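As C-alpha coordinates, the structure follows; a few thoughts come after it.
The values are calculated or read from the model by the stated rules, or taken from the named source; none is laboratory data. Predicted, not measured: the structure shown is a model, and the values here were computed from it. When we count neighbours, we look across all protein chains shown, and the Cβ atoms used for this are built from the backbone with ideal geometry, even at glycine. Heads up: the accessible areas ignore ligands, DNA and RNA and are worked out on the full protein's heavy atoms, side chains in. Shrake-Rupley method; radii C 1.70, N 1.55, O 1.52, S 1.80 Å.
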Amino acid sequence: MTRLILIRHAKSGWDDPMADDHDRTLTARGRKAATAIGEWLLEKGYVPDIVISSDAARTRETAQYLLAAFDVPPPVQFAPMLYHASPDTVLDFATRPSEPTIAIIGHNPGIGMAAHALVRQKPAHRRFSDYPTCATTVIDFTGKIALGAGDLVDFIVPRDLVD
(Lines give C-alpha, C1' and ligand atoms only; values in the text may rest on other atoms or scores of the structure.)
Protein backbone atom coordinates (compact mmCIF):
# COMPACT_ATOMS: atom_id res chain seq x y z
CA MET A 1 0.00 0.00 0.00
CA THR A 2 1.09 3.55 -0.75
CA ARG A 3 -0.32 6.61 0.97
CA LEU A 4 -0.26 9.97 -0.79
CA ILE A 5 -0.90 13.25 1.03
CA LEU A 6 -1.62 16.24 -1.21
CA ILE A 7 -1.29 19.65 0.44
CA ARG A 8 -1.87 23.06 -1.06
CA HIS A 9 0.46 25.72 0.37
CA ALA A 10 -0.86 27.83 3.24
CA LYS A 11 -2.20 31.38 2.86
CA SER A 12 0.36 33.76 1.38
CA GLY A 13 0.32 37.51 1.02
CA TRP A 14 0.73 40.16 -1.61
CA ASP A 15 2.32 42.78 0.67
CA ASP A 16 4.65 43.89 -2.11
CA PRO A 17 2.77 44.12 -5.42
CA MET A 18 6.11 44.31 -7.25
CA ALA A 19 7.42 41.08 -5.70
CA ASP A 20 7.85 38.00 -7.82
CA ASP A 21 5.08 35.42 -7.28
CA HIS A 22 7.68 32.73 -6.55
CA ASP A 23 8.96 34.79 -3.59
CA ARG A 24 5.63 35.40 -1.81
CA THR A 25 5.70 34.36 1.86
CA LEU A 26 3.05 33.15 4.28
CA THR A 27 0.80 35.44 6.23
CA ALA A 28 0.30 35.01 10.00
CA ARG A 29 -2.90 33.12 9.17
CA GLY A 30 -0.96 30.87 6.80
CA ARG A 31 1.68 30.05 9.42
CA LYS A 32 -1.08 29.21 11.92
CA ALA A 33 -2.85 27.02 9.34
CA ALA A 34 0.29 25.10 8.35
CA THR A 35 1.07 24.47 12.02
CA ALA A 36 -2.49 23.20 12.61
CA ILE A 37 -2.35 20.88 9.60
CA GLY A 38 0.99 19.47 10.80
CA GLU A 39 -0.49 18.80 14.25
CA TRP A 40 -3.55 17.20 12.62
CA LEU A 41 -1.37 14.93 10.47
CA LEU A 42 0.54 13.82 13.57
CA GLU A 43 -2.62 13.29 15.64
CA LYS A 44 -4.21 11.18 12.89
CA GLY A 45 -1.05 9.15 12.26
CA TYR A 46 -0.61 10.49 8.71
CA VAL A 47 3.11 11.19 9.08
CA PRO A 48 4.88 11.17 5.71
CA ASP A 49 8.12 9.29 5.11
CA ILE A 50 9.16 11.91 2.56
CA VAL A 51 7.91 15.35 1.55
CA ILE A 52 8.29 16.73 -1.95
CA SER A 53 7.57 20.43 -2.24
CA SER A 54 7.57 23.17 -4.81
CA ASP A 55 10.57 25.42 -4.28
CA ALA A 56 8.46 28.61 -3.99
CA ALA A 57 8.85 30.57 -0.74
CA ARG A 58 5.27 29.88 0.38
CA THR A 59 5.54 26.11 -0.10
CA ARG A 60 8.93 26.03 1.64
CA GLU A 61 7.41 27.89 4.60
CA THR A 62 4.36 25.63 4.60
CA ALA A 63 6.68 22.63 4.86
CA GLN A 64 8.66 24.29 7.65
CA TYR A 65 5.62 25.02 9.84
CA LEU A 66 3.88 21.75 9.03
CA LEU A 67 6.90 19.57 9.80
CA ALA A 68 7.62 21.37 13.07
CA ALA A 69 4.81 19.23 14.57
CA PHE A 70 6.83 16.03 14.12
CA ASP A 71 9.46 14.83 16.60
CA VAL A 72 11.53 13.52 13.69
CA PRO A 73 10.66 15.43 10.52
CA PRO A 74 10.87 13.44 7.30
CA PRO A 75 13.33 14.48 4.60
CA VAL A 76 12.14 17.22 2.26
CA GLN A 77 13.00 17.54 -1.41
CA PHE A 78 12.34 20.86 -3.13
CA ALA A 79 11.40 20.51 -6.78
CA PRO A 80 11.25 23.57 -9.05
CA MET A 81 9.00 21.61 -11.46
CA LEU A 82 6.23 21.54 -8.81
CA TYR A 83 5.90 25.34 -8.96
CA HIS A 84 2.43 25.75 -10.55
CA ALA A 85 2.65 22.15 -11.80
CA SER A 86 -0.06 20.47 -13.81
CA PRO A 87 -1.88 17.48 -12.32
CA ASP A 88 0.21 15.21 -14.57
CA THR A 89 3.44 16.61 -13.11
CA VAL A 90 2.09 16.17 -9.55
CA LEU A 91 1.26 12.56 -10.44
CA ASP A 92 4.74 12.04 -11.89
CA PHE A 93 6.36 13.25 -8.65
CA ALA A 94 3.99 11.08 -6.58
CA THR A 95 5.12 7.93 -8.38
CA ARG A 96 8.88 8.50 -8.05
CA PRO A 97 9.61 7.76 -4.37
CA SER A 98 9.64 4.24 -2.96
CA GLU A 99 8.59 5.35 0.53
CA PRO A 100 5.17 4.11 1.70
CA THR A 101 3.83 7.56 2.68
CA ILE A 102 4.53 10.52 0.40
CA ALA A 103 3.43 14.12 0.92
CA ILE A 104 3.45 16.67 -1.88
CA ILE A 105 3.11 20.39 -1.19
CA GLY A 106 2.10 22.40 -4.23
CA HIS A 107 -0.11 25.03 -5.78
CA ASN A 108 -3.56 25.29 -7.27
CA PRO A 109 -4.95 24.51 -9.68
CA GLY A 110 -2.63 21.50 -10.16
CA ILE A 111 -2.60 20.09 -6.62
CA GLY A 112 -6.39 20.32 -6.26
CA MET A 113 -6.97 18.88 -9.73
CA ALA A 114 -4.62 15.99 -8.91
CA ALA A 115 -6.57 15.24 -5.72
CA HIS A 116 -9.82 15.18 -7.71
CA ALA A 117 -8.36 12.95 -10.40
CA LEU A 118 -6.75 10.42 -8.07
CA VAL A 119 -9.63 9.54 -5.73
CA ARG A 120 -12.36 7.07 -6.63
CA GLN A 121 -14.90 8.91 -4.54
CA LYS A 122 -14.85 12.59 -3.62
CA PRO A 123 -15.36 13.61 0.01
CA ALA A 124 -18.64 15.24 0.99
CA HIS A 125 -16.70 18.26 2.31
CA ARG A 126 -17.95 21.41 0.56
CA ARG A 127 -14.42 22.83 0.16
CA PHE A 128 -12.94 19.90 -1.77
CA SER A 129 -14.07 21.35 -5.09
CA ASP A 130 -12.18 24.65 -4.69
CA TYR A 131 -9.25 23.24 -2.65
CA PRO A 132 -8.48 26.31 -0.52
CA THR A 133 -5.08 27.15 0.93
CA CYS A 134 -3.59 24.36 3.06
CA ALA A 135 -6.34 21.93 2.01
CA THR A 136 -5.04 18.42 2.62
CA THR A 137 -6.17 15.13 1.10
CA VAL A 138 -4.97 11.73 2.30
CA ILE A 139 -5.31 8.96 -0.31
CA ASP A 140 -4.41 5.25 -0.12
CA PHE A 141 -3.50 3.10 -3.12
CA THR A 142 -3.42 -0.69 -2.96
CA GLY A 143 -1.57 -0.92 -6.27
CA LYS A 144 0.24 1.72 -8.26
CA ILE A 145 -0.63 5.39 -7.83
CA ALA A 146 -2.96 6.01 -10.77
CA LEU A 147 -5.86 8.20 -11.82
CA GLY A 148 -9.12 7.15 -10.20
CA ALA A 149 -7.44 4.35 -8.23
CA GLY A 150 -7.12 6.02 -4.84
CA ASP A 151 -9.24 5.43 -1.78
CA LEU A 152 -10.01 8.64 0.06
CA VAL A 153 -8.86 8.38 3.67
CA ASP A 154 -9.36 11.96 4.82
CA PHE A 155 -9.74 15.56 3.72
CA ILE A 156 -9.44 18.71 5.81
CA VAL A 157 -9.03 22.44 5.50
CA PRO A 158 -7.51 24.72 8.18
CA ARG A 159 -10.90 26.28 9.02
CA ASP A 160 -11.97 22.86 10.32
CA LEU A 161 -9.19 23.18 12.92
CA VAL A 162 -8.66 26.89 13.66
CA ASP A 163 -10.52 30.17 13.18
Query raised in the report: If you stretched the chain out fully between Thr142 and Asn108, how much longer would it get, using 0.36 nm times the residue separation minus the C-alpha to C-alpha distance?
Result: 9.6 nm
Query raised in the report: How high is the FRET efficiency from Gln77 to Asp16, r the C-beta distance, R0 25 Å, rounded to 0.05?
Result: 0.35
Query raised in the report: To the nearest 10 Å², what's Asp151's accessible area with a 1.4 Å probe?
Result: 60
Requested in this report: Using θ = phi - 60° and the Karplus relation 6.51 cos²θ - 1.76 cosθ + 1.60, list the HN-Hα couplings for segment 121-131 in order, rounded to whole Hz, with x at every Gly or Pro.
Outcome: 10, 6, x, 6, 4, 5, 8, 4, 5, 9, 6
Report task. In whole Hz, with x marking every Gly and Pro, tabulate ³J(HN,Hα) for segment 47-63 from phi via Karplus 6.51 cos²θ - 1.76 cosθ + 1.60, θ = phi - 60°. Result -> 7, x, 8, 8, 10, 10, 10, 4, 8, 5, 4, 6, 6, 4, 5, 4, 4
Query raised in the report: When DSSP assigns beta bridges and you keep just the ones with both residues in the chain, what percent turn out antiparallel, to the nearest 5?
Result: 45
Requested in this report: Just round it to a whole percent: the fraction of Cα-Cα distances in segment 1-106 exceeding 24 Å.
Outcome: 20
Report summary line: Between Asp55 and Ala149, the two model label points (7 Å from Cα along the beta-carbon direction) sit apart by a distance in nm of 3.0
Requested in this report: Quick one: dipole size for the chain, taken about the Cα centre, charges +1 on Lys/Arg Cβ and -1 on Asp/Glu Cβ, in debye to the nearest 20.
Outcome: 380
Report summary line: Under 5 Å from the placed amide H of Ile50, counting only residues 5+ away or on other chains, we find Thr101, Ala103
Query raised in the report: Put +1 on the Cβ of each Lys and Arg and -1 on the Cβ of each Asp and Glu in the chain; which of Ala56, Val153, Met1 then has its Cα farthest toward the positive end of the dipole?
Result: Val153
